[in-house]
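Engineer: Have a look at the structure that comes next, please.
The values are calculated or read from the model by the stated rules, or taken from the named source; none is laboratory data. Small disclaimer: the values here were computed from a predicted structure and weren't measured. For neighbour counting, all protein chains shown are included, and Cβ atoms are generated from backbone atoms with ideal geometry for every residue, glycine included. Side chains are part of the model used for accessible areas, which takes the heavy atoms of the whole protein and leaves out ligands, DNA and RNA. Shrake-Rupley method; radii C 1.70, N 1.55, O 1.52, S 1.80 Å.
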Amino acid sequence: MRIRFWGVRGSFAMSGRDFLRYGGNTTSVELVTAAGERLLIDLGTGATELAKTLMGGEFGKGQGQLPILLSHTHLDHIQGLPFFTPFFIKGNQIRILGANPISGLSLEATLQNQLAPHYSPLNGLENLAAGVSIETIQPGAALEVPGFEIETGAVPHGSMWTTAYRITADGKTVAYLSDVEYPSYEDPLEVALSLARGADLLIHDAMHADHDYELRRGWGHSPAAAGVVVAERAGAKKLALFHHSPDATDDMIDEVVARTTARTAVPVFAAAEGSYLDV
Amino acid sequence: MQITFWGVRGSYPVPGAATVRYGGQTSCVEARSAGGDCLIVDAGTGMRALGNKLVREANAPMHHHVLLSHVHWDHIQGLPFFSPAYVPGTKISVYALLTAADELHQVIGGITRHEFFPMPLEAVPAQFEFHQVEPGVDFTLGAFHITPIALNHPFGSVGYRIDCDGSSWAYVSDTAPFTEVLHKQHFLSGVEQLSDDDRVALAAMREALVRRLAGVDTVVYDTHFLPDEYARFPHYGHSTPDQALEICAEAKVRRLVLYHHAPSHGDEQMDRIAADYLGKGAAVGIDVLTSFEGMTLPIGDEGTLI
Ligand SMILES: [Zn+2]
Ligand SMILES: [Zn+2]
Ligand SMILES: [Zn+2]
């Protein structure tokens, strides 16, 4: 299975020289199996970059099929939706799978709000030319997506919950735990450990450098150390620090990687936009 | 008076190597009077860096005035990331067009609803206040005299003529030209047949714009498209530099600033656009500048670019 990071930034897209190596686009990660089945996680601005690649192939001809998993509907995870060009081509079949937000609104109503006439000239999901299905999932349940076995779980994220994913394909497993803050990062929740158990790659929220975390406790994000604890306890083979803070320049991320590497035997790297990895 | 560009991109923020020089953040311009009064036009993602600067200023203003052209994401997305909003005692007054039945506080507050953002507008320390603007109905904020101007964009938008310190500039974004498409309150999947009434409405909008811009020193204009791109997407609600030049020439403005750059226009292409339109402007007596993130421009008396 090949994983490609199209957006790795949390909260806010950052442009400029200080963000060139790790990238400034907000979250979007693509998984492709050896047989060519594709899955996307999250629709941050990074998805607009992937879109350019996709449009050169079957998506440009209206023959593309794509399931998209959403961790949650905070803007940095859906910001790319109105600009994801495969939506504008008739014939493409795109599934968006995610949990209902806990506010009581459905996932579909939330995405409709994003495209409301005030905010977007698209004026609603019904104006997307592609076939789009919005599928509400129950965190904890397994999902059916061709080529991938997917387990899900709800993890705490400030005043809401996000859906974390354990995805297996070609005999390899990737766990995606972005936008999560455990009551104590020294003692991550069982749901996170079980999704990450023995994973070949753990992609984990690392919004804060460890020394910055105390000031930001309760904001819904993890220090880099949280991913280490999850990886060690769950026996994950590799850790990708993800959802970098908009304030973290390339040099600051290098430093976080160095410090994190020094404290664990698990191989650690910071997810970088445009890079891919075969697990 | 001077203006500073904090975000010059249209549609969505574009990080990466291709936007290092012109900038990747979306619409946001700061105006400063000689006396230091501050006015913010549009609240796109460029507003985050502006806010970070404002809170570090020695005499940081505690009351901010924000004029919105319209509430498409690329013009409001910076608001929840504007640091002064998290400083107790701050007041933020937002001015916008009412384009639908909903109250402004619902529309603008809606961007921070629970599903989208961790903290709702009602919970931030700053006090927010919303004012409805009407095209042609002018008002004064400190040293600035402001005239809203109706523009041609899906679900409506307004431009602003801003007079201050004996000179003037105008913000004309987002707008389509006033020829093929009249934007109304519904979705357009392509160009619709214009009725006679539509033609009359377009001509009136254009006439009012030219009249309001008459003699303005500097006009910042939505020039999202190059002519061949416009030809493919005339119903998207944006203009070309050629269409902006035509309006500016008629209004006899001194200087046109290209703005709201398409996400796909990287730095090298922007250099070519800047050079091309500098020449085309000179041919009709208009000084054409291409905005980039961080550009500060004195308005009025011929000054040098800072
Ligand atoms: Zn996030
Ligand atoms: Zn715009
Ligand atoms: Zn717009």
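Engineer: Looking only at residues that are assigned to a loop (DSSP other than H, G, I, E, B) and away from ligand 1 (no atom under 16 Å from the Cβ) in the range A:63-81, which one is nearest to the chain's Cα centre (by Cα)? Can you show your working first?
Structural biologist: Start the filter on the range A:63-81 by keeping residues that are assigned to a loop (DSSP other than H, G, I, E, B), which leaves A:63-64, A:70-74, A:78-80.
Checking the rest, the ones that are also away from ligand 1 (no atom under 16 Å from the Cβ) come to A:63-64.
Numbers: A:GLN63: 25, A:GLY64: 21 Å.
Going through the qualifying residues, I end up with A:GLY64.
Engineer: Ok, one more. Just wondering, is there one or more residues in the range A:131-148 that are within 11 Å of chain B (Cβ to nearest Cβ) and more than 16 Å from ligand 2 (Cβ to nearest atom)? Even if it seems obvious, please write down each step before you answer.
Structural biologist: Residues of the range A:131-148 that are within 11 Å of chain B (Cβ to nearest Cβ), as a first pass: none.
So far as the range A:131-148 goes, no, none of its residues is within 11 Å of chain B (Cβ to nearest Cβ) and more than 16 Å from ligand 2 (Cβ to nearest atom).
Engineer: Still on this structure, please answer the following. Surrounded by fewer than 16 Cβ atoms within 10 Å (Cβ to Cβ), small (Gly, Ala, Ser) and more than 18 Å from the chain's Cα centre (by Cα): which single residue out of B:ALA214, B:ALA201 fits that description? Before you say what the answer is, go through the steps one by one.
Structural biologist: Details: B:ALA201 fails: surrounded by fewer than 16 Cβ atoms within 10 Å (Cβ to Cβ).
The match here is B:ALA214.
Engineer: Out of all the residues in the range B:169-181, which are more than 14 Å from ligand 3 (Cβ to nearest atom) and within 15 Å of the chain's Cα centre (by Cα)?
Structural biologist: Result: B:TRP169, B:ALA170.
Engineer: While we're on this one: Which one of these does A:GLU49 not meet: (1) more than 22 Å from A:PRO121 (Cα to Cα); (2) in contact (Cβ under 8 Å) with a residue 40 or more places away in the chain; (3) open to solvent by 10 Å² or more (accessible area, probe 1.4 Å)?
Structural biologist: (1)
Engineer: So is B:VAL20 over 18 Å from B:ILE108 (Cα atoms), open to solvent by 10 Å² or more (accessible area, probe 1.4 Å) and of a type in the set (A, V, I, L, M) or not? Lay out the reasoning, then the answer.
Structural biologist: Working: over 18 Å from B:ILE108 (Cα atoms): yes; open to solvent by 10 Å² or more (accessible area, probe 1.4 Å): yes; of a type in the set (A, V, I, L, M): yes.
In short, yes.
Engineer: Go through the range A:7-32 and give me each residue that's more than 14 Å from ligand 1 (Cβ to nearest atom) and under 10 Å from the mean Cα position of the chain (by Cα).
Structural biologist: A:GLU30
Engineer: Moving to a separate point now. Can you find, within the range A:95-110, the residue that is farthest from the other protein chains (Cβ to nearest Cβ) among those that are surrounded by 21 or more Cβ atoms within 10 Å (Cβ to Cβ) and away from ligand 1 (no atom under 16 Å from the Cβ)?
Structural biologist: A:LEU97
Engineer: Can I ask one more? Could you give every pair whose Cβ atoms fall below 9 Å, whose first residue belongs to the range A:195-219 and is acidic (Asp, Glu), and whose second residue is modelled with pLDDT under 95 and within 16 Å of ligand 2 (Cβ to nearest atom), counting only separations of at least 6 or pairs across chains?
Structural biologist: none
Engineer: Out of the residues in the range A:13-25 that are open to solvent by 10 Å² or more (accessible area, probe 1.4 Å) and in a loop (DSSP other than H, G, I, E, B), which is farthest from ligand 2 (Cβ to nearest atom)? If you could, list the steps in order and put the result at the bottom.
Structural biologist: Filtering the range A:13-25 down to residues open to solvent by 10 Å² or more (accessible area, probe 1.4 Å) leaves A:14-22.
Now narrow it down to the ones that are in a loop (DSSP other than H, G, I, E, B): A:14-16, A:20-22.
Values: A:MET14: 20, A:SER15: 16, A:GLY16: 20, A:LEU20: 25, A:ARG21: 29, A:TYR22: 27 Å.
Per the criteria, the residue is A:ARG21.
Engineer: Mind checking whether some residue in the range B:67-77 is within 16 Å of ligand 1 (Cβ to nearest atom) and in a loop (DSSP other than H, G, I, E, B)?
Structural biologist: yes
Engineer: Suppose we keep only residues that are open to solvent by less than 10 Å² (accessible area, probe 1.4 Å) and either part of a strand (DSSP E or B) or more than 15 Å from ligand 2 (Cβ to nearest atom) (or both) within the range B:1-14. Which one would you say is farthest from B:ARG272 (Cα to Cα)? Spell out how you get there, then give the answer.
Structural biologist: First, the residues of the range B:1-14 that are open to solvent by less than 10 Å² (accessible area, probe 1.4 Å): B:3, B:5, B:7-10, B:13.
Next, only the ones that are either part of a strand (DSSP E or B) or more than 15 Å from ligand 2 (Cβ to nearest atom) (or both) stay: B:3, B:5, B:7, B:9.
Working: B:ILE3: 24, B:PHE5: 20, B:GLY7: 20, B:ARG9: 17 Å.
The qualifying residue farthest from B:ARG272 (Cα to Cα) is B:ILE3.
Engineer: Within the range B:231-266, which residues are within 16 Å of ligand 3 (Cβ to nearest atom) and without any contact (Cβ under 8 Å) to a residue 12 or more places away in the chain?
Structural biologist: Hit for the range B:231-266 is B:PHE233, nothing else.
Engineer: Considering B:GLY190, B:GLY166, which residue is away from ligand 3 (no atom under 13 Å from the Cβ) and within 14 Å of chain A (Cβ to nearest Cβ)?
Structural biologist: B:GLY190
Engineer: What is the number of the single condition among (1) away from ligand 3 (no atom under 16 Å from the Cβ); (2) under 30 Å from B:ARG272 (Cβ atoms) that B:ALA208 does not meet?
Structural biologist: Going through (1) away from ligand 3 (no atom under 16 Å from the Cβ); (2) under 30 Å from B:ARG272 (Cβ atoms) one by one, B:ALA208 breaks only (2).
Engineer: Consider A:THR173 carefully, then state whether it is assigned to a strand (DSSP E or B) and open to solvent by less than 50 Å² (accessible area, probe 1.4 Å).
Structural biologist: Details: assigned to a strand (DSSP E or B): yes; open to solvent by less than 50 Å² (accessible area, probe 1.4 Å): yes.
The answer is yes for A:THR173.
Engineer: Residues in the range A:78-111 that are polar (S, T, N, Q) and under 20 Å from A:ALA164 (Cα atoms): how many? Walk me through it before giving the result.
Structural biologist: Here is the first cut: in the range A:78-111, the residues polar (S, T, N, Q) are A:79, A:85, A:92-93, A:100, A:103, A:106, A:110.
Within this subset, residues satisfying the condition of being under 20 Å from A:ALA164 (Cα atoms) are A:79, A:100, A:103, A:106, A:110.
So the count comes out to 5.
Engineer: Let me ask another. Any idea which of (1) within 21 Å of the chain's Cα centre (by Cα); (2) open to solvent by 40 Å² or more (accessible area, probe 1.4 Å) is the one A:MET160 doesn't satisfy?
Structural biologist: With respect to (1) within 21 Å of the chain's Cα centre (by Cα); (2) open to solvent by 40 Å² or more (accessible area, probe 1.4 Å), A:MET160 is out only on (2).
Engineer: Another question, if that's okay. Sort out which residues of the range A:61-83 are facing another protein chain (nearest Cβ under 9 Å), closer than 11 Å to A:GLY44 by Cβ and away from ligand 3 (no atom under 16 Å from the Cβ), and write them in order of number.
Structural biologist: Scanning the range A:61-83 gives A:HIS74, A:LEU75, A:ILE78, A:GLY80.
Engineer: For B:GLY89, are the conditions met, namely being assigned to a loop (DSSP other than H, G, I, E, B), of a type outside the set (Asp, Glu) and touching a residue at least 60 places away in the same chain (Cβ under 8 Å)?
Structural biologist: On the way: assigned to a loop (DSSP other than H, G, I, E, B): yes; of a type outside the set (Asp, Glu): yes; touching a residue at least 60 places away in the same chain (Cβ under 8 Å): no.
Here the answer is no, as B:GLY89 does not meet what is asked.
Engineer: A:ALA175 - would you say it is more than 14 Å from chain B (Cβ to nearest Cβ), within 16 Å of ligand 1 (Cβ to nearest atom) and either in contact (Cβ under 8 Å) with a residue 24 or more places away in the chain or closer than 19 Å to A:GLY220 by Cβ (or both)? Write out each step before concluding.
Structural biologist: On the way: more than 14 Å from chain B (Cβ to nearest Cβ): yes; within 16 Å of ligand 1 (Cβ to nearest atom): no; either in contact (Cβ under 8 Å) with a residue 24 or more places away in the chain or closer than 19 Å to A:GLY220 by Cβ (or both): yes.
Taking the combined requirement at face value, the residue does not satisfy it.
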